[in-house]
Amino acid sequence: MPGPWGDRRRRRIGLLGGSFNPAHAGHRHVAEQALRRLGLDEVWLLVSPGNPLKPRRGMAPFAERLAAARRIADGRRVLAVDVEARLGTRYTADTLRLLRRRFPRASFVLLLGADNLTQLPRWGRWREIACRTALAVLPRPGYTRHALAGRAAHVLARHRRRPAALLAGQDPGKARHAGWSLLVAPEHSASATAIRAALARAA
Ligand SMILES: Nc1ncnc2c1ncn2[C@@H]1O[C@H](COP(=O)(O)OP(=O)(O)OP(=O)(O)O)[C@@H](O)[C@H]1O
Ligand SMILES: O=C(O)c1ccc[n+]([C@@H]2O[C@H](COP(=O)([O-])O)[C@@H](O)[C@H]2O)c1
């Protein structure tokens, strides 16, 4: 478990869930932008033991993906964590529920690249996730406009907030809807699919 386990100070923690197959500079970029633009204390790179929607074929072993995420983390404010492997969760709704229980005084914000906002309606209990956990969407080349025209953005339209308002005064359990924002940030073109394709060509 990451460093703040047991710490009683209220922290603002960004959760960047991913396969990290492999981790790359785009993940680090997302973490740094979220730290700065949302005034977070930390970002946890939440390495997934297995995305429920992705095939296991072609997925590197968990330990390898965690090690790759550790290499792009800074060990200080950007931390690679194996929380889902330890909790035994794969569905994000379950992970969030357990994390809130474990850290009742933390404010969590789920960080998503724009491609994952489009995918969100395929996740288990996605409306519950969006209702209870603040979502911050990072622009991604080729995906942002499509994501804003997608089902999740449509269903959640009236809960969209300015980034500055996203975590302001957030009191877990009291807010009626946690809300979501699109962060205004430079885009980064790195992609794990492109890295895997380049490695396959070089092999
Ligand atoms: N360059 C990027 N810009 C914005 N968000 C990104 C970027 N790269 C990854 N993300 C986001 O980080 C999270 C984890 O991404 P993931 O580990 O799946 O990397 P990926 O490059 O999207 O991988 P793949 O190409 O295999 O799907 C997702 O929310 C994804 O949208
Ligand atoms: O909970 C779900 O149903 C669910 C379905 C698909 C993806 N996710 C999560 O989305 C995050 C991004 O996954 P990935 O594989 O696109 O990097 C990661 O934390 C996954 O566990 C979660």
Would you list Phe62, Phe20 from fewest to most Cβ contacts within 10 Å? Phe62, Phe20
Which value in nm describes the separation of the simple spin-label points at Ala25 and Ala60, placed 7 Å from the Cα toward the beta carbon? 1.7 nm
Over all alpha-carbon pairs of segment 3-91, lay out the pair-distance distribution in 10 Å bins, whole %, shortest bin first. 17, 49, 29, 5, 0
Nearest 500 deg cm²/dmol is fine: what mean residue ellipticity at 222 nm does the chain get from its DSSP H runs of n ≥ 4 alone, each adding -39,500 (n - 2.57), divided by its residue count? -10500 deg cm²/dmol
Residue-wise HN-Hα coupling along segment 116-123, computed from phi with Karplus coefficients 6.51, -1.76, 1.60 (Hz; x: Gly, Pro): 7, 5, 5, 6, 3, x, 8, 7
Taking the Cα centroid of segment 46-77 and of segment 105-170, what is the distance between the two, rounded to the nearest whole Å? 22 Å
Would you mind computing Rg(Cα) / (2.2 N^0.38 Å) for segment 66-203, counting N as its residues? 1.14
Work out from phi, with θ = phi - 60° and the Karplus expression 6.51 cos²θ - 1.76 cosθ + 1.60, the ³J(HN,Hα) of each residue of segment 75-92, listed in order in whole Hz, and give x for Gly and Pro. x, 10, 10, 10, 10, 8, 10, 10, 3, 5, 5, 6, 7, x, 10, 10, 7, 4
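Rule-based calculations on the coordinates, nothing more; no lab input. Because the structure is a prediction, the values reported are computed rather than measured. Note: ideal-geometry Cβ built from the backbone for every residue, glycine included; neighbour counts use all protein chains shown.
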